[in-house]
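K.L.:
One structure, pasted below without further comment.
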Amino acid sequence: MTEHNASGGSLAGRVFRGSAWLFASYGLYKLGRMIVMLVIAALLSPEAYGVVSLCSVVIFVGEIGTEFGIWQAVIHRKEPDEHFLNTAFTANVLGGAVVAIGLFLIAPWIALFYREPEITNLLRLMALGLLADAAYFVPDGLLRKQLKFKLRSLPEFGCGFAAVFTTVTLLFLGVGILSFAVGYVVEKVVRCSLVMVITRWQPRFRIHWTSFKEIVSYAKHIWGAEVAKVVSSNIDFLIVGRILGAEPLGIYTLAFNLANYPVTNFAVILSRIAFPTFAILQENPERAQHAYLKILQIVAGLVLPLLVMLAVLADPLIVGLLGEKWQPAVLPVQAMVVSGISRAISIPGSDILRASGSPNLPFRINVAESVVLAGALVLVTGWGIEAVALTVVVVLSISSWTITLVACRKFRIGLLELVRAFLPGIALAASGAAAIFSLRLLGLSTLPDALQLTLSIAAAGAGMLFCLATALRSFLHQIVALATSRNPK
């Protein structure tokens, strides 16, 4: 493998173009998943939505166990040879097989614990997808290491389309929630097949023990942090599902998913680019600091306005699209916008700490978050969904900002520099919200609800465009400069 060289052209430009491709592919893929979940919410009951959510949480934990931080180890190593790559691939596949078999065996006990018999068949079918996932991570890591994000986008496009088409078709044919599991397996098989064809890499099932020890030494911290993050991010679903049941869980899950959609899309897309970028710059802390602030500015510039608009328009959006049965989700959505913003901003901090050789720092913070959140939720869940939402907001926000501040301290980023990175996002959010509230002062309550919502969205968009064209012209110029690979000053 050839070592990356950032000198050929602007690294910032390569990162931005990679962002564009990943946003187009992964963003559309996640949009497809959101469409699937909204179709499930519209066609089925909140209880069915809650069962699907429980299975999604369990299978996500399985995915993290299958991944084991190995693709990050591939990216972090400067010159991964065939011994290293084959060892990583073999370890991934064997680990995936163990996780899949384990999930198949314990599925009935999970169903019994949550008093939902349908969970057994759903989890057993979805476990098949973990086998394809296990073979995907190392070749995908090679594409990430080489910053070949354009090629990486093709599997995302393909698997996203296949999953949405399969799931929605089966839903309209009356298959029910089993449609979700079938779509999941189709998605994983298509994605793995396409990435294998694109990389043209032919792995061999071999273990080189020196490479294995190196992989485990690095990946264990990544894996530990990911497991802790998954537990802390999903322990609320598991506790709510057990204590309150599937229907309240469905309402809570819809609220959480909507408030975290920009986090799991744009911020995670940038994370896929930021980590290999920071790995390239790990011996140049000044450039890493500059890249971190730029990425943080882009994340805040998109996530802040989107989530603020969601909070302002939560009621007409949720009730208007999904019906009155989802009215109880409105207040939790508005509360969890705060934690969504905090989580999005913390993602670049986790990436730069891991890439710089300090994966133990996010790991410790996420472990503490998991312990505190689990204890707090056991105490407050009996009080209802609103109490759960408020608890999650407080704990996740504190831990997220802790990661951000630790990253700033390690790379000597001052508070003023951090605030400046947030200013474009704050200005855009404020301009959009001001436009919506100004429109409401005109007294348009006699108009149909759909027209009011359309006018509100249009007003917010116009307000933010005006802000970009006037107060944020320098920010807009920087984005254009990155897109055209010209180094902004």
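K.L.:
Do you know which residues across the stretch 233-263 are among the charged types (D, E, K, R) and open to solvent by 40 Å² or more (accessible area, probe 1.4 Å)?
P.N.:
ARG242, GLU247 - these are the residues of the stretch 233-263 that are among the charged types (D, E, K, R) and open to solvent by 40 Å² or more (accessible area, probe 1.4 Å).
K.L.:
Continuing with this model, one more query. Give the residue that is surrounded by the fewest Cβ atoms within 10 Å (Cβ to Cβ), with candidates limited to residues of the stretch 149-163 that are of a type outside the set (Gly, Ala, Ser) and within 18 Å of the chain's Cα centre (by Cα). Give the derivation first.
P.N.:
Narrowing the stretch 149-163 to residues of a type outside the set (Gly, Ala, Ser): 149-152, 154-157, 159, 161.
With the extra rule that they be within 18 Å of the chain's Cα centre (by Cα), the set shrinks to 149, 152, 155-157, 159.
Values: PHE149: 26, ARG152: 24, PRO155: 24, GLU156: 24, PHE157: 17, CYS159: 25.
Within the stretch 149-163, the match that is surrounded by the fewest Cβ atoms within 10 Å (Cβ to Cβ) is PHE157.
K.L.:
Check whether at least one residue in the stretch 126-144 is closer than 21 Å to MET34 by Cα, open to solvent by 10 Å² or more (accessible area, probe 1.4 Å), touching a residue at least 12 places away in the same chain (Cβ under 8 Å) and touching a helix residue (DSSP H, G or I) at 6+ places or on another chain (Cβ under 7 Å), and report yes or no.
P.N.:
For the stretch 126-144, residues closer than 21 Å to MET34 by Cα, open to solvent by 10 Å² or more (accessible area, probe 1.4 Å), touching a residue at least 12 places away in the same chain (Cβ under 8 Å) and touching a helix residue (DSSP H, G or I) at 6+ places or on another chain (Cβ under 7 Å): absent.
K.L.:
Any residue in the stretch 344-366 that's more than 10 Å from VAL406 (Cβ to Cβ): show its pairings with residues that are outside any helix (DSSP H, G or I) at Cβ separation under 6 Å, as long as the two are six or more apart or on different chains.
P.N.:
Pairs found: ALA355/GLN282; SER356/GLN282.
K.L.:
Quick check on THR404: is it of a type in the set (Val, Ile, Thr) and modelled with pLDDT under 90?
P.N.:
In short, no.
K.L.:
I need the full set of residues from the stretch 165-181 which are among the hydroxyl-bearing types (Ser, Thr, Tyr) and surrounded by 14 or more Cβ atoms within 10 Å (Cβ to Cβ), in order please. Spell out the reasoning first.
P.N.:
Taking the stretch 165-181 first, the residues among the hydroxyl-bearing types (Ser, Thr, Tyr) are 166-167, 169, 179.
Hits for the stretch 165-181 are THR166, THR167, SER179.
K.L.:
Scan the stretch 456-476 for residues that are of a type outside the set (A, V, I, L, M) and part of a helix (DSSP H, G or I) and jot them down.
P.N.:
Within the stretch 456-476, SER456, GLY461, GLY463, PHE466, CYS467, ARG473, SER474, PHE475 meet the criteria.
K.L.:
State which residue pairs qualify: first residue touching a residue at least 40 places away in the same chain (Cβ under 8 Å) and inside the stretch 437-464, second residue polar (S, T, N, Q) and open to solvent by 80 Å² or more (accessible area, probe 1.4 Å) in any location, beta carbons under 9 Å apart, and separation of 6 or more residues or different chains.
P.N.:
GLN452/SER445
K.L.:
Would you confirm whether any residue within the stretch 280-294 is modelled with pLDDT of 85 or more and open to solvent by less than 10 Å² (accessible area, probe 1.4 Å)?
P.N.:
yes
K.L.:
Quick check, is HIS76 at pLDDT below 85 and crowded, with 22+ Cβ neighbours inside 10 Å?
P.N.:
So HIS76 passes the test.
K.L.:
Which condition number does ALA42 fail, the rest of (1) open to solvent by less than 30 Å² (accessible area, probe 1.4 Å); (2) in contact with a helix residue (DSSP H, G or I) (Cβ under 8 Å, 6 or more places away or on another chain); (3) assigned to a helix (DSSP H, G or I) being met?
P.N.:
(1) is the only condition that ALA42 fails.
K.L.:
Looking only at the stretch 189-234, which residues are part of a helix (DSSP H, G or I), of a type in the set (Lys, Arg) and closer than 30 Å to ASN360 by Cα?
P.N.:
Residues satisfying the conditions are LYS213, LYS220, LYS229.
K.L.:
While we're looking at this one, here's another question. Report yes if ASN121 is under 30 Å from GLY241 (Cβ atoms), open to solvent by 20 Å² or more (accessible area, probe 1.4 Å) and polar (S, T, N, Q), otherwise no.
P.N.:
Criteria met by ASN121.
The values are calculated or read from the model by the stated rules, or taken from the named source; none is laboratory data. Here the structure is a predicted model, which is why all the values come from computation and not from measurement. Here Cβ is always computed from backbone atoms with ideal geometry, including for glycine, and neighbour counts include all displayed protein chains. When the accessible area is computed, the model is the full protein with side chains, heavy atoms only, and any ligands, DNA or RNA have been set aside. Shrake-Rupley method; radii C 1.70, N 1.55, O 1.52, S 1.80 Å.
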